[in-house]
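To start, the structure itself, in structure tokens.
None of the figures in this text is laboratory data; all of them are computed from the coordinates on show. What you see is a predicted model; the values in this text were computed from it and never measured. Using ideal geometry, Cβ is built from the backbone for each residue, glycine included, and neighbour counts are taken over all protein chains shown.
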Amino acid sequence: MLVEPLRYARSVTRRSRATALAGSAVAALAAPQVAAAHVATGPASRVGDDWHAPPAVLAIAALGTVLFVQAFVRLRRRGRADHAGWDRPALFAAGLALGVLPLVSPLDAAGDHYLLSAHMLQHVLIGDAAPLLLVLAVRGPLVFFLLPPSVLKPLASFDPLRAFLRTLLRPGVSFGLWVAVMLGWHVPAAYDFTLSHAVVHDVEHATFVLVGTLAWVQLIDPARHGRLSRGGRIAFAFGLFVLSQPIMDGLLFAPSAVYHPYAAQPDRLLGLSVMTDQRLAGAVMLVEQLLTLGTFIAVLLWPLLRGRRGARAIAVQRPA
């Protein structure tokens, strides 16, 4: 049985799609401000003060910070500051903030109980924006210094682990896992189930982080393995965007609420109706993916377009 968002997406006309996209995209440009408003003007006693410290999140963040710092220091001590510039800690800190804050701040409670748009913002930050910045931070030789030699050597000699990682890092496997996780968790029955089962919800978040990291490892290629050509990376990114379209279209154009817990919530933060909140969630995902995947595709295409333009100019200048 097809998911509801896919059915809804196919039923809209081109004109209604264009109109809704334009309006929703404008609204989503203010997504961070909207998230702040969610926690400032709603039931403050339940949302605004809901800062918490999940032990697993803080432990992973602390471990990641320790590994990055020791890798950064070791590489600079070897005289390779060209591969460990001060832009790397800035990228790492930004990525860490985008991965941790959505899980410990009032945005977490707002998304879990009140607003689908807040929940979507949380998901795109921890599952796409944060992995992108973290992978950028460790690209090049720095990635090989993340594990100290005393840890790296025994792991590298453990054949089952190496075989597992080789399989996981195949472009087709990474792509398939991303699509399965992204579409699977957004099936209404699965999404609603996570909202009422904390452990499953944590697993959902963990898988978003995992597949987001795998996707950006393929696209950025931090270890320079060259698994994908430039064209392959463009196709990979374009495929991710296209296959996430049913989710965005479903949220933007569904004639009724897709996820029951949000429709049943009587407290409307910011006074947003169920349908306005749902369309805003679709717009948040659309704009975020345009900013990440769209920008990535544009960056890879630009040298090709510039090269063709230069070739045309040379051809025009040649005498007949």
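Please give the net charge around Ala263, taking every other residue with its beta carbon less than 12 angstrom from that of Ala263, where Lys and Arg add +1 and Asp and Glu add -1.
Values: positive: Arg268; negative: Asp192, Asp277.
My count for the surroundings of Ala263 gives -1.
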Among Arg233, Arg77, what is the fewest-to-most ranking by other Cβ atoms within 10 Å?
Arg77, Arg233
If each residue's Cβ is checked for other Cβ atoms within 10 Å, how do Phe208, Phe144, Phe175 rank with the fewest at the top?
Phe144, Phe175, Phe208
Based only on other Cβ atoms within 10 Å, what is the fewest-to-most ordering of Leu134, Leu103, Leu301?
Leu301, Leu103, Leu134
